[in-house]
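In what follows, a single structure is set out as structure tokens and then discussed.
The values are calculated or read from the model by the stated rules, or taken from the named source; none is laboratory data. On a predicted model such as this, the values are computed, not experimentally measured, just so you know. Because the Cβ atoms are built from the backbone with ideal geometry, glycine has one as well, and the counts that use them run over all protein chains shown.
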Amino acid sequence: MNVWAGAERYIDRTADVERLRAHGIQLLAVRHWRATGRSVPLDLIADERFSAIAALSAPSLLGRIRCLLDGPLVVLKGPEVAARYPDPALRGYGDLDILVPDPAGAQAVLVDAGFELVDDYTFPHHDQPLHWPGSPLLVELHRFPSWLRWMTPPSTAELFAMAVPSATGIDGVSTLPAREHALFVAAHSWRHAPLRRLIDLIDVALMAEGVDPCELDVLARQWGMGRVWATTTHAIADLFSCGDAPVRSRAVRFGGRHLTTVRDRTVLEKHLAMWLGALWAPTPSQIPRTLVATIADDVRPLLGEPWTSKLGRIGRACRDAFSPWSIRDRAGTDRRTLS
Amino acid sequence: MSYRIPRHVHARAIHDEVVVLNTQSDAYLGLNRTGSVIWQVVSQGGSEDEAVEALLDRFAVAREIALADVTNLVADLVTRGLLEPEST
């Protein structure tokens with residue numbers, strides 16, 4: 001499967017920069033438009049410049065962190081996924097997600113060394129991102145990857161044990177093997193919302209490239225995400241296969257029209273999709289409690305957040321229910337505190 | 001005089017621009033089309049005169065302006081630690 005040809009089909013369906021951005025494929029659009037002699041909007045050139053700077057910065061920032069911290073460092077997504085693109089700068093990212101055994105301790109060490117806590121986060125928490133002065137990238141330290149709530153993933157110790165050298169080539173910096181990373185990328189995307197963005201599906205397809213599909217299926221079932229994985233791979237096959245064959249995947253037909261039309265989900269659609277993602281829990285008995293827990297997570301305040309603030313956010317969400325999610329995303333703290 | 005890129009400096013071309021990053025300070029600089037042409041020449045050991053000629057080849061610009069552009073940019077790059085004079 002040639003995901004690039006597939007991606008270009010979707011790029012050709014819209015010239016709307018915001019819609020392309022909502023699906024994370026604006027940098028692929030820049031490449032495609034240049035190759036076909038079309039002009040590139042100035043704000044996409046700015047996106048391209050930022051992505052190039054991020055791609056240059058990531059290894060040096062990781063090297064700096066490696067020098068400061070003891071113990072394992074496992075980088076997830078970001079530069080590891082970007083390394084699978086024809087040019088890493090085609091896959092933009094704004095932060096480095098790093099698994100460490102003790103995020104709070106690591107955060108303290110980095111702050112002592114000159115890293116700064118990002119202070120425009122409304123509700124400080126131990127995952128509060130860090131920023132090195134001058135660097136365009138944020139750093140997020142995690143104890144666990146962002147799994148789906150019903151999954152039975154390996155322990156963090158097991159993840160550290162199976163880690164392989166990072167694609168950044170920095171000594172002592174690791175990442176997950178491709179098989180586990182592909183599943184992690186799929187789970188992480190699903191946690192935000194099923195079939196979230198075209199770029200998420202491209203990421204999964206690239207991470208899974210070269211891995212035995214049977215091994216992926218088996219591991220996905222072991223981790224309790226067999227149905228999520230099956231839906232994800234069917235969607236990839238449907239959306240990025242050659243030609244304009246009709247979409248066969250029911251999930252794409254009923255919940256992925258925003259993908260085929262390169263449209264951003266509305267705020268309401270995004271929340272509904274996130275809640276309905278619970279229907280992919282591995283057993284019928286897990287679905288009701290997963291659904292309740294997912295909705296409860298969405299409607300209750302974040303750790304440390306007063307109810308007045310949460311109610312204000314709910315009010316804004318209701319007001320913007322039919323607005324594109326990405327507009328709300330860029331407008332304030334909601335994306336940062338919720339993602 | 002010729003110049004070289006210090007080990008801690010990395011550059012990446014994006015279409016007709018170049019971004020240059022100093023990994024020691026994490027300061028970065030975006031170079032426009034003119035700056036990119038100058039960078040391509042001097043970062044590969046070319047002299048300032050050669051950079052002026054490259055600009056004259058590529059752009060309809062007076063020699064004095066090209067010379068001023070090259071002199072100013074190279075001085076700025078050296079000040080920022082993004083380029084260093086080649087020791088002979």
Quick check, is residue A:84 more than 14 Å from chain B (Cβ to nearest Cβ) and of a type in the set (Lys, Arg)? yes
Which of the residues belonging to region A:91-109 are surrounded by fewer than 20 Cβ atoms within 10 Å (Cβ to Cβ) and more than 12 Å from the chain's Cα centre (by Cα)? A:101, A:102, A:103, A:104, A:105, A:108, A:109
Taking helices (runs of 4 or more DSSP H) that fall entirely within region A:41-135, which contain at least 1 residues that are touching a residue at least 60 places away in the same chain (Cβ under 8 Å) and touching a His at 6+ places or on another chain (Cβ under 9 Å)? A:42-68, A:78-82
When you go through (1) under 18 Å from the mean Cα position of the chain (by Cα); (2) modelled with pLDDT of 90 or more one by one for residue A:256, which number turns out not to apply? (2)
Only residues that are more than 16 Å from residue A:73 (Cα to Cα) and touching a strand residue (DSSP E or B) at 6+ places or on another chain (Cβ under 8 Å): list them for region A:166-187, please. A:184
So is residue A:184 surrounded by 18 or more Cβ atoms within 10 Å (Cβ to Cβ) and either of a type in the set (Phe, Trp, Tyr) or at pLDDT 95 or above (or both) or not? yes
Is one or more of the residues making up region A:60-77 surrounded by fewer than 20 Cβ atoms within 10 Å (Cβ to Cβ), in contact with a Gly (Cβ under 7 Å, 6 or more places away or on another chain) and within 14 Å of another protein chain (Cβ to nearest Cβ)? yes
Criterion (over 25 Å from residue A:154 (Cα atoms) and touching a His at 6+ places or on another chain (Cβ under 8 Å)) met by exactly one of A:248, A:263: A:248
Is it the case that region B:43-50 has a residue that's closer than 28 Å to residue A:47 by Cβ and either more than 9 Å from chain A (Cβ to nearest Cβ) or buried (at least 19 other Cβ atoms within 10 Å of the Cβ) (or both)? yes
Residues of region A:276-315 satisfying the condition of being in contact (Cβ under 8 Å) with a residue 60 or more places away in the chain and loosely packed, with under 13 Cβ neighbours inside 10 Å: A:303, A:304
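So for region A:14-21 (the condition being away from chain B (no Cβ under 11 Å) and touching a Lys or Arg at 6+ places or on another chain (Cβ under 7 Å)), does at least one residue qualify?
yes
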Residues that are among the hydroxyl-bearing types (Ser, Thr, Tyr) and out of contact with any Pro (no Cβ under 9 Å at 6 or more places or on another chain): does region B:11-24 have at least one? no
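Okay, residues lined up against (1) under 25 Å from residue A:52 (Cα atoms); (2) surrounded by fewer than 19 Cβ atoms within 10 Å (Cβ to Cβ); (3) within 14 Å of chain A (Cβ to nearest Cβ):
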position	(1), (2), (3)
B:1	no, yes, no
B:6	yes, yes, yes
B:20	yes, no, yes
B:35	yes, no, yes
B:56	no, yes, no
B:61	no, yes, no
B:72	yes, yes, no
B:78	yes, yes, no
Of the conditions (1) more than 26 Å from residue A:108 (Cα to Cα); (2) within 20 Å of the chain's Cα centre (by Cα), residue A:33 satisfies every one except a single condition; which number is it? (2)
Looking only at region A:123-135, decide whether some residue is more than 30 Å from residue A:285 (Cα to Cα) and among the charged types (D, E, K, R). yes
